[in-house]
Structures are given as C-alpha cells and as structure tokens.
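First up is the structure itself, then whatever we jot down about it.
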Amino acid sequence: MKPIIAPSILSADFSNLAKDIEMINNSEADWFHVDVMDGIFVPNISFGFPVINAIHQHAKKPLDVHLMIVDPDRFLAKFAESGADSLSVHYEACTHLHRTIQGIKALGMKAGVAINPHTSVQLLENVIADIDLVCLMSVNPGFGGQKFIENTYSKISSLKDLILQRNSSAKIEIDGGVDLKNAAKLLHTGADVLVAGNTVFNSDNPSLTISLLKALS
C-alpha cells in the first residue's frame, strides 16, 4: 500500500502561493495539509478562512485541515464551507470530543483527532472507532522545522494495536519532522499518512521529493 503524502502549506512560499499549489496539483501528492493556529492553543498564528478559501479554489486534491485552536466547535461549519475535506481537532482542546466528532461528520467532512507528543494514544480508546484519522504530532505543535521526537515510533505501534483491537478504519498521520531519512521507518511501523513541510518546500526539487516519499512502502 502506497503512503498518502500531504505537503504542509504552512511551509510554502506565501509570496507565490499559487505556484506552490500548482506544484502540488501536478505532483504525486495526495492531499494538501493545512495547519490553522490561533496563537492561544499554540504559540503561533497561521492563516484563516480567506487563505483557505483561496487554496480551495485552486487545489485539485483534498484539503486535510488540522486545527490547532481552542474551542474548535465554533468554526466547524465555517471550515466545511471553506472546502475542508477532513478536519482534525486536538484532543487537548475539546471538552466534549465525541460531540465535536459527530459535528464534523454531520457537516460531511472526515473527522480526525490530533494528539500532542505528551498525550497517550490510549486516551482515544473511546472514540477510535468513530474517527477517520489520528494525527500524531511528532514535534511540539506551533512551528515548522522542529526536530522529530523519536518516541513517535512507539506511539505508532500502540495506536496501531488500538485500531486493530477496536476494528477501526482510522488512518495514522504523522505530522512534524518527517523527512527522507525517517519516512520509511514511520511507514514500516504503521503510519499511513506523511505530512511533509520543510522537507518538500525547502528541497531543490519539491515535486521529486514528493515522488521519493510516495515511492516508499
């Protein structure tokens, strides 16, 4: 099974965003990964609905939107309207996680749950059968270009066991520090989706880098 490759728009060139969107459209990438940060849940601010709408207008592949915001329930409908195909909320930001998941699905989007590096995958036990995606943060969320946290491999294995135990169809997505050196091991351990930001957009040939990631198994 070939991995799903989701280049992170956060690392794109915002002075020439249309060019990078077109590159992803023409590449072997599968999804656009869109990080939304509010400056409260994480110590950084990214972009809002006008930029997401613009990406959606030009993107020919699904938008995988990752919310790093507090109280995401306020904006679920707005993200659906902006073109999100899948929407991941943070376990740590949701008081009533199951209700939030239901709300995402009711709006026609795939539902994902993201967890920070310190959060145990076992805390997803009661929702794993209801979600489509688990986004494992392999760096502390908020900034690109951070060093990959090695404990991620152990978390992938534990999460894979939980998915099998609960007969879940959830995919495992790895977000943070993914590169050509660790990607194969991540996939071998059980990852399905690789989010790649700096690895893609800082390379001399972003499209080729995507192809190299896609060729791994």
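All of the numbers you see were taken from the coordinates with simple rules; none came from a lab. Remember, predicted model here, so these are calculated numbers, not experimental data. A quick note on method: Cβ atoms are made from the backbone with ideal geometry, for glycine too, and the neighbour counts reach across all protein chains shown.
Structural remarks
- Beta bridges per DSSP, both residues in the chain: antiparallel share near 5 percent.
- Ranked by the mean number of other Cβ atoms within 10 Å per residue, highest first, peptides 63-76, 121-134 order as 63-76, 121-134.
- Measuring how big the chain is from its alpha-carbon positions, Rg and Dmax come out at 15.8, 46 Å.
- Taking θ as phi - 60° and the Karplus parameters 6.51, -1.76 and 1.60, the scalar couplings of segment 40-47 work out to 10, 5, 10, x, 7, 10, 9, 9 Hz in sequence order, x denoting glycine and proline.
- In order along segment 14-23, the phi-based Karplus estimate (6.51 cos²θ - 1.76 cosθ + 1.60, θ = phi - 60°) of 3J(HN,Hα) comes to 6, 7, 8, 5, 4, 5, 6, 4, 5, 4 Hz; Gly and Pro are listed as x.
- Each principal axis of the Cα cloud of segment 1-91 was evaluated for its coordinate range; sorted largest first, these ranges are 35, 35, 24 Å.
- Kirkwood analysis of the Cα pair distances in segment 88-206 returns a hydrodynamic radius of 14.7 Å.
- The relative contact order of the chain, computed from alpha carbon pairs under 8 Å that lie at least 6 residues apart in sequence, is 22 percent.
- Relative exposure of 1, 137, 37, 23, judged by other C-beta atoms within 10 Å (fewest first): 1, 23, 37, 137
- Using only the C-alpha atoms, the convex hull of segment 170-217 corresponds to 67 Å³ per residue.
- For the chain, the mean residue ellipticity at 222 nm estimated from helices alone is -9000 deg cm²/dmol, where every DSSP H run of n ≥ 4 contributes -39500 (n - 2.57) and the total is divided by all residues, rounded to the nearest 500.
- Applying the Karplus relation 6.51 cos²θ - 1.76 cosθ + 1.60 with θ = phi - 60° to segment 175-187 yields 3J(HN,Hα) values of 10, x, x, 6, 9, 6, 7, 9, 4, 4, 5, 4, 5 Hz, where x marks Gly and Pro.
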